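> Here it is, the structure, as structure tokens.
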Amino acid sequence: MSAIQNRYEFVYFFDVTNGNPNGDPDAGNMPRLDPESSKGLVTDVCLKRKIRNFVEISSENEAGYEIYVKEKSVLNLQNKRAYEALGIESEAKKLPKDEAKARDITAWMCKNFFDIRTFGAVMTTEVNSGQVRGPVQLAFAQSIDPIVPLEVSITRMAVTNEKDLEKERTMGRKYIVPYALYRVHGFISANLAAKTGFSDDDLAKLWQALTLMFEHDRSAARGEMAARKLIVFKHDSALGSQPAHKLFDAVKVERVNGESGTPARGFGDYKISVVSDGLNGVSVEELL
């Protein structure tokens with residue numbers, strides 16, 4: 001498949017009910033938030049992890065859709081596969097001096113690993129497979145309104161050690177966000193896609209992941225998470241016709257129940273709309 005020919009931006013909305021969408025290990029795993037506005041945050045890394053996990057389970061054993069950064073993967077061994085497949089001897093921390101061979105190694109990694117040709121990767125480890133700048137980038141997700149994390153006490157009827165057998169139960173704590181709607185902006189570069197081979201099939205897989213990834217990421221800590229809206233802006237060329245910020249400004253979120261600037265209680269508290277007037281050279285599609 002050839003690389004995509006058009007630039008894209010997208011606005012993605014997801015929400016959480018009684019869960020922790022992205023814990024902060026530096027704050028006892030409480031939900032991430034902006035201390036100035038008290039709005040919730042979810043990192044780009046967290047969202048990319050969910051996309052990777054979905055692609056891994058939905059495209060298992062499908063050529064070209066392996067995942068480079070996954071649980072228990074050893075990156076040096078992943079990099080070494082390119083050298084073995086191409087019959088090239090590896091040199092510690094260095095790419096081959098022959099530029100053609102160096103390009104072939106990086107190209108092999110792009111061809112076989114979905115997340116490398118999508119998000120890019122720094123593969124300059126002990127076994128050096130180069131560095132790739134990915135065409136798909138995500139910003140941090142931020143909640144529309146402030147959040148109020150709750151610390152909830154929980155109990156466990158079992159004990160860990162024999163010495164604690166006399167205890168009736170052990171205690172623990174978890175953080176939840178009662179409700180929050182998050183918004184994240186995404187960018188897809190056709191020029192960078194040409195360098196990694198990111199194709200229309202890969203783009204379709206990305207849209208599928210954003211639509212369904214929360215359905216396969218259930219856990220006690222997550223609560224109820226759901227994808228709510230996916231609004232895609234497609235430019236009529238590789239360079240694009242409008243600045244990204246203008247497109248993002250066209251997506252409006254109104255508070256229809258409750259007071260704006262206070263925590264919301266459900267998705268029905270919001271109305272999301274797109275004002276597409278004046279977006280010459282850009283088509284708008286709501287995929288969700």
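The values are calculated or read from the model by the stated rules, or taken from the named source; none is laboratory data. The model shown is predicted, which means the values in this text are computed figures rather than measured ones. Cβ: placed from backbone, ideal geometry, glycine included. Neighbour counts: every protein chain shown. Calculation scope for accessible area: heavy atoms of the full protein, side chains included, ligands and nucleic acids excluded. Shrake-Rupley method; radii C 1.70, N 1.55, O 1.52, S 1.80 Å.
> For the stretch 17-51, how many residues are open to solvent by 20 Å² or more (accessible area, probe 1.4 Å) and part of a strand (DSSP E or B)?
7
> OK, next. So how many residues does the stretch 262-272 have that are out of contact with any Pro (no Cβ under 8 Å at 6 or more places or on another chain), open to solvent by 30 Å² or more (accessible area, probe 1.4 Å) and of a type outside the set (A, V, I, L, M, F, W, C)?
2
> How many residues does the stretch 191-217 hold that are open to solvent by 60 Å² or more (accessible area, probe 1.4 Å) and either under 13 Å from the mean Cα position of the chain (by Cα) or under 24 Å from Ile231 (Cα atoms) (or both)?
The total comes to 8.
Every residue, every condition in (1) out of contact with any His (no Cβ under 6 Å at 6 or more places or on another chain); (2) open to solvent by less than 40 Å² (accessible area, probe 1.4 Å); (3) modelled with pLDDT of 95 or more, yes or no:
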| position | (1), (2), (3) |
| --- | --- |
| Leu138 | yes, yes, yes |
| Gln142 | yes, no, yes |
| Thr155 | yes, no, no |
| Leu165 | yes, no, no |
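> Considering Val232, Val275, Val256, Val282, which residue is open to solvent by less than 60 Å² (accessible area, probe 1.4 Å) and more than 25 Å from Ser58 (Cβ to Cβ)?
From the options Val232, Val275, Val256, Val282, the qualifying one is Val282.
> Follow-up. Which condition breaks for Phe119 when tested against (1) farther than 30 Å from Ser37 by Cα; (2) surrounded by 21 or more Cβ atoms within 10 Å (Cβ to Cβ)?
Unmet condition: (1).
> Quick check on my filter: what residues within the stretch 153-184 are more than 30 Å from Thr262 (Cα to Cα) and either part of a loop (DSSP other than H, G, I, E, B) or aromatic (Phe, Trp, Tyr) (or both)?
Met157, Ala158, Val159, Thr160, Asn161, Leu165, Glu166, Lys167, Glu168, Arg169
> Let me ask another. List pairs: first residue in the stretch 80-91 and more than 12 Å from Ala107 (Cβ to Cβ) and of a type outside the set (Ser, Thr, Tyr), second residue open to solvent by 90 Å² or more (accessible area, probe 1.4 Å) and part of a helix (DSSP H, G or I) anywhere in the structure, Cβ distance under 9 angstrom, at least six positions apart or on different chains.
Pairs found: Ile88/Lys101.
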